[in-house]
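Asker: My structure is below; once you've seen it, I'll send some questions.
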Amino acid sequence: MTEAPSTPGYHVMRNIPNAVYVTDEEQKLYRSGVGMLLYLVEHSRPDLSNGTWELSKVMDKATEVHMKELCRVIKHALDTQNIGLKLKPEDNDNKLWELKACSDADFAGDKETRISVTGYVVYFMNIPVCWRSHGQKSGTLSTTEAEYVACSEVVKKVLFILQLLRHLQVKIQADLCTC
């Protein structure tokens, strides 16, 4: 069993009193490391998305604490590079292709701006085909409202995929759940 990609409960704060900021050369390395993680998140590693999102908040003013957290996430990516999801659809006897989606929201999850955080994943034949973790574009006033915003984000993505599959004349069974 491996550790979590980032420190549990870790939230990046931009303006920390008495913080020790990294040098300009280290700041370039920090930006490069976050860029590498963003590439991994986009193409193959949804497990790194929340930690990478937190780290990307300080692309211009990283501290030694931020650099240490970046190293932790990169170490996790390297330690788990041979662990992955097997992208092989299950045998399907009923001739219907399955599309599932899950969403979740963390109300006021960003401790500095109090923006809620949305996360979702879309599965096609039990294979994750689309995932995202990001701050919501509008402010929400409750956990319920944040969950509705998260659900609407994943529904937009599911509708696009459904239209594409219908255009390809694929018969689909779709399920939507909130985590």
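Bear in mind these aren't lab numbers, they're just calculated from the coordinates by the rules spelled out. Note that the structure is predicted; figures quoted are calculated from it, not measured. All Cβ positions, glycine included, derive from the backbone under ideal geometry; neighbour counts span all protein chains shown.
Asker: Sort His66, His76 so the one with the fewest other Cβ atoms within 10 Å of its own Cβ comes first.
Answerer: His76, His66
Asker: Here's another thing I want to ask about it. With a/c under 1.5 counting as rounded, go ahead and sort region 1-84 into rounded, prolate or oblate using the C-alpha gyration tensor (a ≥ b ≥ c being the square roots of the eigenvalues; past the cut-off, prolate if a/b is larger than b/c, else oblate).
Answerer: prolate
Asker: Most fluctuating residue of Ser56, Ser133, Ser32 in a GNM of the chain with Cα springs under 10 Å: which is it?
Answerer: Ser32
Asker: With the dipole of region 97-178 worked out from charges on the C-beta (+1 for Lys and Arg, -1 for Asp and Glu) around the Cα centre, which of Leu141, Ser103, Cys130 lies farthest toward the positive end?
Answerer: Toward the positive end, the furthest listed residue is Cys130.
Asker: Total Lys pairs in region 97-178 closer than 24 Å by alpha-carbon, pairs eight or more apart in sequence or interchain only? Intermediate results must be reported in sequence, preceding the final value.
Answerer: Details: Lys100/Lys156; Lys100/Lys157; Lys100/Lys171; Lys111/Lys137; Lys137/Lys156; Lys137/Lys157; Lys156/Lys171; Lys157/Lys171.
Counting lysine pairs in region 97-178 gives 8.
Asker: Calculate the all-directions average of the projected area of region 1-148's alpha-carbon convex hull, and give it in nm².
Answerer: The orientation-averaged projected area of the Cα hull of region 1-148 comes to 10.9 nm².
Asker: Follow-up question, since we're still on this one. Evaluate the charge dipole of region 97-178 about its Cα centre and quote only its size in Debye, nearest 20, assuming +1 on the Cβ of each Lys and Arg and -1 on the Cβ of each Asp and Glu.
Answerer: Value, rounded to 20: 340 debye.
Asker: Which residue fluctuates most in the GNM of the chain (Cα springs below 10 Å): Leu40, Leu48, Leu96?
Answerer: Residue with maximal mean-square fluctuation among Leu40, Leu48, Leu96: Leu96.
Asker: So which trypsin sites (Lys or Arg not before Pro) in region 117-163 pass both tests, a DSSP loop state and at most 12 other Cβ atoms within 10 Å of the Cβ?
Answerer: Values: sites: Arg132, Lys137, Lys156, Lys157; in loops: Lys137.
Passing both the DSSP loop test and the Cβ count: Lys137.
Asker: Using a Gaussian network model of the chain with C-alpha springs under 10 Å, which one of Glu25, Glu112, Glu42 is most mobile by mean-square fluctuation?
Answerer: Comparing Glu25, Glu112, Glu42 in a Gaussian network model of the chain, the most mobile one is Glu25.
Asker: Between Ser142 and Asn15, what is the FRET efficiency for a Förster distance of 30 Å, r being their Cβ-Cβ separation, to the nearest 0.05?
Answerer: Working: r = 27 Å, r/R0 = 0.91.
E(calc), rounded to 0.05, equals 0.65.
Asker: Report, in whole Å, the centroid distance computed from the Cα atoms of region 1-40 and region 91-169.
Answerer: Distance between centres, Cα-based: 26 Å.
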